[in-house]
């Protein structure tokens, strides 16, 4: 993708975790170093777990700058998932040690930032710097959900990462909701009503 901005000052931003019933939304912001290219950047969802983790390590080593931002379950329940996702992206950009001149965001909506920002639909597939952010965010969130699996056994967080799989829904019905479940999401809300009766 061509741009009027210097490549070194363009940050790519993406978030992971809009669809799950549990856990935070985690966003990453990345500024790639054009002197140290990274081969194989792609939409994180299309890569194997092993490949994502290898690329995430390379991104941390070779990027000019990177940072994470997050929105917790409380944020999601208070301001809705879209606004929480934008908040996580805003936090990621603000956490960058280098101030970007321009920000490219995956999707249709832009967070409020102090620099120019552009939304690109399917940007994680089309723009390498967004792909890098997508990979970093997914690796970090997946690791966190594996940790949640130890804290809340029986839900299968290590396998489904909080997404509404059949196994996750069945565990919710059987065990009830944890503190990391999003109470504003209908399947969780229904379970809470059932357990309150």
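No lab work stands behind these numbers, since they all come straight from the coordinates. All values reported here derive from a predicted model rather than from experimental measurement. With ideal geometry, Cβ positions are generated from the backbone for all residues, glycine too; neighbour counts draw on all protein chains shown.
Mind checking which residues of the range 149-163 are in a helix (DSSP H, G or I) and closer than 12 Å to residue 21 by Cβ?
We begin by selecting, within the range 149-163, every residue in a helix (DSSP H, G or I); these are 149-151, 157-160.
Hits for the range 149-163 are 157, 160.
Tell me which residues, restricted to the range 68-90, are crowded, with 18+ Cβ neighbours inside 10 Å and assigned to a helix (DSSP H, G or I).
73, 75, 76, 81, 84, 85, 86, 87, 88, 89, 90, listed by residue number.
Could you list, in sequence order, the residues of the range 47-56 that are in a helix (DSSP H, G or I), in contact (Cβ under 8 Å) with a residue 60 or more places away in the chain and more than 18 Å from residue 24 (Cβ to Cβ)? Break it down stepwise before answering.
Start the filter on the range 47-56 by keeping residues that are in a helix (DSSP H, G or I), which leaves 49-56.
So of that shortlist, the ones also in contact (Cβ under 8 Å) with a residue 60 or more places away in the chain come out as 49, 52-53, 55-56.
Selection gives 49, 52, 53, 55.
List the number of the failed condition for residue 127; all other conditions in (1) within 21 Å of residue 70 (Cα to Cα); (2) surrounded by 15 or more Cβ atoms within 10 Å (Cβ to Cβ); (3) within 20 Å of the chain's Cα centre (by Cα) hold.
(1)
Looking at the range 164-192 only, could you name the residues that are in a helix (DSSP H, G or I), surrounded by 17 or more Cβ atoms within 10 Å (Cβ to Cβ) and touching a residue at least 60 places away in the same chain (Cβ under 8 Å)?
The first filter runs over the range 164-192 and keeps only residues in a helix (DSSP H, G or I), leaving 166-175, 186-192.
Narrowing further to those that are surrounded by 17 or more Cβ atoms within 10 Å (Cβ to Cβ): 168, 171-172, 188, 191.
Residues satisfying the conditions are 168, 172, 188.
Quick test for you: out of 138, 108, pick the one residue that is within 21 Å of residue 42 (Cα to Cα) and in contact with a helix residue (DSSP H, G or I) (Cβ under 8 Å, 6 or more places away or on another chain). It would help to see each step written out before you state the result.
On the way: 108 fails: in contact with a helix residue (DSSP H, G or I) (Cβ under 8 Å, 6 or more places away or on another chain).
Exactly one residue qualifies, and that residue is 138.
Restricting attention to the range 111-125, which residues are touching a helix residue (DSSP H, G or I) at 6+ places or on another chain (Cβ under 9 Å), within 14 Å of residue 29 (Cα to Cα) and without any contact (Cβ under 8 Å) to a residue 24 or more places away in the chain?
Result: 113, 115, 117.
Looking for whichever is over 15 Å from residue 41 (Cβ atoms), touching a helix residue (DSSP H, G or I) at 6+ places or on another chain (Cβ under 9 Å) and in contact (Cβ under 8 Å) with a residue 40 or more places away in the chain here; the options are 81, 98, 130, 59. Which one fits?
On the way: 81 fails: touching a helix residue (DSSP H, G or I) at 6+ places or on another chain (Cβ under 9 Å); 130 fails: over 15 Å from residue 41 (Cβ atoms); 59 fails: over 15 Å from residue 41 (Cβ atoms).
Result: 98 is the single residue among 81, 98, 130, 59 that is over 15 Å from residue 41 (Cβ atoms), touching a helix residue (DSSP H, G or I) at 6+ places or on another chain (Cβ under 9 Å) and in contact (Cβ under 8 Å) with a residue 40 or more places away in the chain.
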